[in-house]
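None of the figures in this text is laboratory data; all of them are computed from the coordinates on show. Predicted, not measured: the structure shown is a model, and the values here were computed from it. Cβ: placed from backbone, ideal geometry, glycine included. Neighbour counts: every protein chain shown.
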Number of protein chains: 2
Amino acid sequence: MDWERTLARAGRRLTASRRAVMQVLLEAAVPLSPQAIYERARPLHPPLGLVTVYRTLDVLVELGLLRRVHRDGGCHGYVLASPGHSHTILCRGCGQAVEFPGGEDLDGLVAQVQQATGFRVEGHLLQLVGLCPACRSPR
Amino acid sequence: MDWERTLARAGRRLTASRRAVMQVLLEAAVPLSPQAIYERARPLHPPLGLVTVYRTLDVLVELGLLRRVHRDGGCHGYVLASPGHSHTILCRGCGQAVEFPGGEDLDGLVAQVQQATGFRVEGHLLQLVGLCPACRSPR
DNA sequence: CTCACTGCAAAGAATTTGCACTGAA
DNA sequence: TTCAGTGCAAATTCTTTGCAGTGAG
């Protein structure tokens, strides 16, 4: 909910740069690259530098406020992370990202894998790809 | 099963460079970066260039012979993709990758997500992280 | 007041491209 | 013979670092 609070609780400072970056992502419907975030955030805070965007994203991901999305293209995208554990589905057509709850289905799979491999599973990365309703219908 | 056959069937040529890259990955227990593959494959075929490794990896991934593994570190790793659909669990300790069958558990989740979001799910990326049996034991 | 945060310039990785030559089919 | 495949060098991203100035707490 209150990302500024999360920042403060972690002993981090609330700056104009961080506000600008967060505002861009709060309004984005699509995962954005650091470069794209920079371009959109700059108008909100002209002195902003790309370097600061990178540093800010690292901090926000670390605090769990953002989620890093992997793209085969090469570079990473960033989206808002909803509180709680969830995953992302990406639309192949328009690129929008929608989150969905983790689901206990995964717990079953994890237990099964632990049993089969002897690994202790600590975390996972699940990302779906598909077509959203809008991109499915007209052409 | 026979990767050379898969290559040929796709109208691709079987070259010394590709043999070297595949041989390295056939023997690797860990996902390797393009750079690492280059270093290990070069002795097998000295004229090999890093550029060719990149181009070869793209082809092999496209043919489904290799799997791209995403790492937070920044660059990609590549591992052999077993025939059939499966996923990977990565050991946080030693970096080894083990494959496990996809599991139908995911089908349930996929159906659930399609229902909830209206997306048509076409594919997914699932990667687990944990500790393998060896790394779990106190060293 | 302090020290986390910032911008800038520059360095460092990772990956791609242009081009002429080579060799698998 | 023919064109996919290749090596090299150079160009492009993408991301991180060093450093001195600035401002949030």
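Before moving on, here are some points about what is shown:
- Helix axis angle, A:50-62 relative to chain A longest principal axis, alpha carbon, degrees: 40 degrees
- Rounded tilt (10° steps) of B:16-27 against the dominant C-alpha axis of chain B: 50 degrees
- Label point 7 Å beyond Cα along the C-beta direction, distances from residue B:137 to other copies (nm, shortest first): 6.0
- Globularity index of the protein assembly as shown is 1.12 (Cα radius of gyration / 2.2 N^0.38 Å, N = number of residues).
- Tail fraction, Cα-Cα pairs, the stretch A:94-133, threshold 17 Å, whole percent: 44 percent
- Rg followed by Dmax, in Å, when the stretch B:3-133 is reduced to its Cα trace: 16.6, 54
- Label point 7 Å beyond Cα along the C-beta direction, distances from residue B:101 to other copies (nm, shortest first): 2.9
- Isolated Cys residues of chain A, judged by Cβ distance under 4.7 Å to other cysteines: A:75, A:94, A:135
- A simple spin-label model places the labels of residue A:55 and residue B:2 5.8 nm from each other, with each point 7 Å out along Cα-to-Cβ.
- Sorted from nearest, the other copies put their residue B:30 label points 3.8 nm away, the label point being 7 Å from Cα in the direction of Cβ.
- Peptide B:127-135 has a mean shielding of 6, counted as Cβ atoms of other protein chains within 10 Å of each residue's Cβ.
- Principal-axis tilt of helix A:105-117 within chain A, Cα atoms, nearest 10 degrees: 60 degrees
- Estimated from helical segments only, the mean residue ellipticity of the protein assembly as shown at 222 nm is -12000 deg cm²/dmol, where each DSSP H run of four or more residues counts as -39500 (n - 2.57).
- The slack in the chain from residue A:120 to residue A:10, taken as 0.36 nm per residue of separation less the alpha-carbon distance, amounts to 36.7 nm.
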